[in-house]
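Below is one structure, written out as structure tokens; the observations come after it.
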């Protein structure tokens, strides 16, 4: 019997997803466990696996289309079965059950004619907010993070290199063991011009351009002398989702900012003291995460989150555990890996976990559980020489700490003399619905004290 194929929840907070690509064509048979389609959340791509053997009878959501969790995206069944009865249920006003009428999916169902391939569109994804899988299939197989979006496997190094060079790794034929795409395949594609730009990426950085800088002059087509020319790139995929999520956060949460300058000399000295025999030192972010967790233990409101419950009702969730997110820049957007329960972990352990998560974010990708649910976020632009900045809160947290670079500055000492000290500027962004000004100020005061006396705080 034909069955509806629903958009499934890929993470606990997801309510919408983008269908990046169908891996099975209309009318094509598949086996249980094979990948039917690739679904994008805000920061990850997932494979939707077939729960049983069957045939994709009808595609109802085009590639690049967005649907809410529980919406019908296709119809599956046995060879020779007709999807017409289920399509009739999905038509506007049919009063059918088991689907969410409306939106892109309902529109696709109502206009569906004879079986034709779904048209491709520019990919976009949606902001993850609470949601669960809808009715229909008894229980969709839980998806997993796609280590490689195409039919051939690939090495982590190849994926990282492809991202840097703007090569679409899905178009490459691997020469490694078992057809695996390896480093030399990516390099050959970049040198020979084969393999299109990776989706959502602008392609390789032009020679002479600085990474992270805006497009170089060579990237903009030149017209006749004196004539203005413009290069336009559509915003899609992760970048579109990031824009939407940040806008929602900034305009829904009443932000306010508290600033404080701290003496970072002893923090930097502690980092040096924690170096292992081979000279490896924990990151500043790991030290800050541990100290922030210690400070948050005394200020539970700063570790809390606002929760809209609908019908004008809301609540504040107080968390017993400190899960700290670290903002990491990627070529196509921003991701926030989360280190769980920082309060119970040592600095070395936090640093190792952070390093592993950052490597996964820049390589094969993170699972939703690894980048969602931060109760507090740290963003550090000190490595870029930024002295001071403000940041937008990362839900479901209610506070974010922006950290600037450590500068040599003259400081007046109690005895009237002047000395040069390493000074670092902190900016705490708070959601005023959860964190009152005095509460945020008290937390920042205590955190500053711990940064200036880290040995005492961690003793």
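Values computed for the structure shown
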item: Failed condition for residue 406, given (1) surrounded by fewer than 20 Cβ atoms within 10 Å (Cβ to Cβ); (2) over 18 Å from residue 290 (Cα atoms); result: (1)
item: So residue 65, is it touching a helix residue (DSSP H, G or I) at 6+ places or on another chain (Cβ under 6 Å) and either modelled with pLDDT of 85 or more or under 20 Å from residue 170 (Cβ atoms) (or both); result: yes
item: Single residue of region 295-309 satisfying the filter (in contact with a helix residue (DSSP H, G or I) (Cβ under 8 Å, 6 or more places away or on another chain) and surrounded by 18 or more Cβ atoms within 10 Å (Cβ to Cβ)) that is farthest from residue 442 (Cα to Cα); result: 303
item: Looking only at region 37-62, and only at residues there that are in a strand (DSSP E or B) and at pLDDT 90 or above, the one that is nearest to residue 329 (Cα to Cα); result: 59
item: Qualifying residue in region 22-31 (condition: over 27 Å from residue 367 (Cα atoms) and at pLDDT below 60); result: no
item: Every residue from region 312-338 that is surrounded by fewer than 16 Cβ atoms within 10 Å (Cβ to Cβ), in a loop (DSSP other than H, G, I, E, B) and on the phi < 0 side of the Ramachandran plot; result: 318, 320, 321
item: Of residues in region 74-90 being touching a helix residue (DSSP H, G or I) at 6+ places or on another chain (Cβ under 9 Å) and closer than 17 Å to residue 62 by Cα, the one modelled with the highest pLDDT; result: 75
item: Residue among 277, 282 that alone is part of a loop (DSSP other than H, G, I, E, B) and surrounded by fewer than 17 Cβ atoms within 10 Å (Cβ to Cβ); result: 277
item: Verdict on residue 384 being surrounded by 22 or more Cβ atoms within 10 Å (Cβ to Cβ) and either at negative phi or in contact with a strand residue (DSSP E or B) (Cβ under 7 Å, 6 or more places away or on another chain) (or both); result: no
item: Qualifying residues in region 340-372 (those that are modelled with pLDDT of 90 or more and under 19 Å from residue 317 (Cα atoms)) - the one surrounded by the fewest Cβ atoms within 10 Å (Cβ to Cβ); result: 341
item: Unmet requirement for residue 439, which otherwise passes all of (1) surrounded by fewer than 23 Cβ atoms within 10 Å (Cβ to Cβ); (2) over 18 Å from residue 318 (Cβ atoms); result: (2)
item: Identity of the residue in region 249-262, under 14 Å from residue 391 (Cα atoms) and assigned to a helix (DSSP H, G or I), that ends up farthest from the chain's Cα centre (by Cα); result: 251
item: Extreme residue, nearest to residue 394 (Cα to Cα), among residues of region 285-308 that are within 22 Å of the chain's Cα centre (by Cα) and part of a helix (DSSP H, G or I); result: 303
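This table checks each residue for (1) part of a strand (DSSP E or B); (2) in the same structural domain as residue 386 (by TED's automatic domain parsing); (3) over 14 Å from residue 260 (Cα atoms).
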{"residue": "409", "(1), (2), (3)": "yes, yes, yes"}
{"residue": "415", "(1), (2), (3)": "no, yes, yes"}
{"residue": "420", "(1), (2), (3)": "yes, yes, yes"}
{"residue": "433", "(1), (2), (3)": "no, yes, yes"}
{"residue": "444", "(1), (2), (3)": "no, yes, no"}
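The values are calculated or read from the model by the stated rules, or taken from the named source; none is laboratory data. Small disclaimer: the values here were computed from a predicted structure and weren't measured. Reconstructed Cβ throughout: ideal geometry from the backbone, glycine too, with neighbour counts over all protein chains shown.
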